[in-house]
Structures are given as C-alpha cells and as structure tokens.
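Notes for the one structure printed next.
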Amino acid sequence: MNGPLNFSADALAHEALQMQQKLSAGVETLRNVDEVEYGATARQEVWRDGKVALYRFVGEKAPTAKVPLLISYALVNRPYMVDLQADRSIVKGLLARGEDVYVIDWGYPDRSDRFLTLEDYIERFLGGAVDHLRDANGLDAINLLGICQGGAFSLCYASLHPDKIRNLITMVTPVDFHTPDNMLSNWTRGIDIDLFVDTLGNVPADLMNWCYLTLKPWRLFAQKYVGLVDILDDKKAVEDFLRMEKWIFDSPDQAGEAFRQFIKQFYQGNGFVDGGIVIGDNEVHLGLIEMPVLNIFAEQDHLVPPASSKALKGLIGSDDYTELSFRGGHIGIYVSGRAQKEVPETIHGWLAQRSPK
C-alpha cells in the first residue's frame, strides 16, 4: 500500500537492499582500485622558462598539419583536462586527425612568484612559447587554442601580436565579464582586491577551489558523492570518478600580482568590452584581431555563460568568425562522449580549411 508520499514499503525495502548490495560491492571495489593519474598521452618537453614548460604531445602517427597548434589553458587548474584519460581526450582526437599539438604547463607558483604580472604570463611565457614554435618550425605565425582564462590570455596576445597568430581558437572563454548571469563576476566585483592580495600574497588553491565549488553547492558538495554509491560496484567508473576528483583538487596557487591585475582589469573593469586592459605598456584592443577566429562555448556553462563568450563576435576585427555551440557544461566540453566526437573534428576541419596549401 502506498503512503502519502506515493511509495510503498516494498519499494523502500527493495531500494534499501540495493543500497546495501552497492555498499558491500564498494568495499571490494575500493580495495582493488588502481592508482589513478590524468594525462593519457605521451609528451616531450621542448622549451622551458623557470617553472613554465612547453610540451609536445606524441601521437601514434606523425602529424600531417603544417602549422603547430598551441594550447593555452587557465592558471587555476592543471592543463590536462584536455587529455584526462585515453577515452576522454580532446588532445588524442586532434592527434588522430593529424594536428601537431603543444600545451603550456604553467607549473605551481610559490612565494618566489608572488610578483609575477600578467605581462609575465602573456608576453614572457605565452609569447616565449609562441616564438619557440615559430623558430623551431620556420614559420611567421602559428595556431593558438586558448581555453577559459587561457583564452583571455590568448585574446590579449593575439591583439598585441596579430602577425604571430595564424588562426585563433577560443574555448569556453570569458569576453564580456559583466553579463547578468555571471555569478562568479558578481561575487568578484565586490571584493577589495588590493586588501585581498596584500593580505594573502599568493592566493591559495584551496580557497580558489572552495569558491568554484560553492557556485553549485548542492551539485558539487553533495549530489556527486551521493551518486558515487550507484557506481561502487564498477571499478572503471570509480577510477574515472577518482581521476576527475584528483584533477579538481590538484590546483596551483595563484601568483598574487597577476591575480590582482586579472580581477581588476577583467572581472571588475570588464576591459575587453569597456577598454582598460594594459599588458606591460600596451593596451589591448580586440579590434586588432583580424585573423580567423573559431569561438567554442558551452550552452550549460555555469563559469563562463554563453553570452559572455558570444560577445567576442562584436568586438574583434576579423571578418572570418565562426561559432560552435556545444550542448554541455564547462567540464563536459572536454570529457563527455559528445565532446570527443564534436570538438576535435570541428577544430581540425576549421583549421584544415585555413591551412597553407
């Protein structure tokens, strides 16, 4: 007989039994689970500046692309979300299609990096990697794929050095930081960032992670761990879960001065839209970006709302602008099954149409 909540005692008993079986199986699964690592593809270090390294990914076959593709990821997480595991790797998809793929690893800043600035990250590190690839390949310009904050860095670099970037791809990249649905921006605009950085120095990774998790507290603090019970009898699924958790919480601290400048000029000043982004002595103007641009955004992105990314179209000077709207979220755009099919193929096809003959 069903009660006022419309479920029966038999249904409750059945669900309790299933839960007990899952938990019992989980004891055995967790006993046998393997150590998990992220970063599935072999890579070779080809350039370094201090803690910042440039890696070339090594695929199963030699690349056929004539122009290398450099990935610039955000500072707040490790860059290997694009190469999380063998069956969830945008990098593997690009390599399989013949692209020559590189990634910047920003390293782990410590107290000696407290006064690194945006100029260091954009001109010295990103620019150094670009120049290395140009010189090593005998090219005037390379292809650049900027992701999230790394996309904002890439937009800055491409506007300051348009002659060095042949094709620009931005992925889940914030451009208009003041869209009404940008919760992170609404929080950040009220911070006394000078007091914040002067007090902390470098910004601790745990604090940054806490802020991101509290954007979706139910989903990220409770629901996903409750959902873990459903996969406790599946060793591979548990390992996939642990690999994602390891990536999430393996976050570098943020160099204090660069963090101060980024919050002030981007989140508080909305500099791409309203002006005022200055890197070193040079002001960034997106209208100077005249090379082809592919802008990929996620429709359910809670960190970079689609409207924030789509603002790019009206700000750049390029007549060759393409958008890909991906059905998924900020992380799903890297690791979902749909992403493995759509994202590498879109990037490769778009670049192939614009490759040197």
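Of the residues making up the range 11-31, none is at pLDDT 90 or above and basic (Lys, Arg). Of the residues in the range 225-247, at least one is surrounded by fewer than 16 Cβ atoms within 10 Å (Cβ to Cβ), within 16 Å of the chain's Cα centre (by Cα) and not aliphatic (A, V, I, L, M). Go through the range 305-348 and report how many residues are among the hydroxyl-bearing types (Ser, Thr, Tyr), within 17 Å of the chain's Cα centre (by Cα) and buried (at least 17 other Cβ atoms within 10 Å of the Cβ). The qualifying residues number 4. Examine the range 120-139 for a residue that is touching a residue at least 60 places away in the same chain (Cβ under 8 Å), over 25 Å from Tyr80 (Cβ atoms) and either in contact with a helix residue (DSSP H, G or I) (Cβ under 7 Å, 6 or more places away or on another chain) or crowded, with 19+ Cβ neighbours inside 10 Å (or both), and state whether such a residue exists. Looking for residues that are touching a residue at least 60 places away in the same chain (Cβ under 8 Å), over 25 Å from Tyr80 (Cβ atoms) and either in contact with a helix residue (DSSP H, G or I) (Cβ under 7 Å, 6 or more places away or on another chain) or crowded, with 19+ Cβ neighbours inside 10 Å (or both), one finds none in the range 120-139, hence no.
The residues of the range 43-53 that are touching a residue at least 12 places away in the same chain (Cβ under 8 Å), of a type in the set (D, E, K, R) and assigned to a strand (DSSP E or B), listed by number, are Arg43, Asp49.
Looking across the range 67-94 at every residue that is of a type in the set (Gly, Ala, Ser) and within 14 Å of the chain's Cα centre (by Cα), the one that is farthest from Trp247 (Cα to Cα) is identified as Ser72. Taken together, Val91, Val103, Val76, Val67 contain a single residue that is within 25 Å of Ala352 (Cα to Cα), among the β-branched types (Val, Ile, Thr) and assigned to a loop (DSSP other than H, G, I, E, B), which is Val67. Number of residues in the range 106-121 that are of a type outside the set (D, E, K, R), within 18 Å of Ser159 (Cβ to Cβ) and in a helix (DSSP H, G or I): the value is 2. Across the range 224-280, the number of residues qualifying as at pLDDT below 95, more than 15 Å from Met208 (Cα to Cα) and aliphatic (A, V, I, L, M) comes to 9. Just one of (1) modelled with pLDDT under 80; (2) over 21 Å from Asn77 (Cα atoms); (3) assigned to a helix (DSSP H, G or I) fails for Asp194. It is (1). Restricting attention to the range 309-351, the residues that are over 22 Å from Pro162 (Cβ atoms) and outside any helix (DSSP H, G or I) total 9. Scan the range 153-188 for residues that are touching a strand residue (DSSP E or B) at 6+ places or on another chain (Cβ under 7 Å) and at pLDDT below 95 and the total you get is 0. Determine which single condition Asp301 fails, assuming it passes every other condition in (1) acidic (Asp, Glu); (2) assigned to a loop (DSSP other than H, G, I, E, B); (3) at pLDDT 95 or above. Result: Asp301 passes all but (3). The residues on offer are Arg124, Arg134, Arg56, and the sole one that is assigned to a strand (DSSP E or B), modelled with pLDDT of 95 or more, in contact with a strand residue (DSSP E or B) (Cβ under 8 Å, 6 or more places away or on another chain) and of a type outside the set (A, V, I, L, M, F, W, C) is Arg56. Based on what the data block shows, is Glu37 charged (D, E, K, R), over 30 Å from Arg111 (Cβ atoms) and modelled with pLDDT under 95? No. Would you check if there is a residue in the range 290-297 being under 25 Å from Glu342 (Cβ atoms) and among the polar types (S, T, N, Q)? Yes, some residue in the range 290-297 is under 25 Å from Glu342 (Cβ atoms) and among the polar types (S, T, N, Q).
Looking across the range 280-301, the residues that are under 20 Å from the mean Cα position of the chain (by Cα), buried (at least 17 other Cβ atoms within 10 Å of the Cβ) and of a type outside the set (Gly, Ala, Ser) come down to Val293, Leu294, Asn295, Ile296, Phe297, Asp301.
The values are calculated or read from the model by the stated rules, or taken from the named source; none is laboratory data. Here the structure is a predicted model, which is why all the values come from computation and not from measurement. A quick note on method: Cβ atoms are made from the backbone with ideal geometry, for glycine too, and the neighbour counts reach across all protein chains shown.
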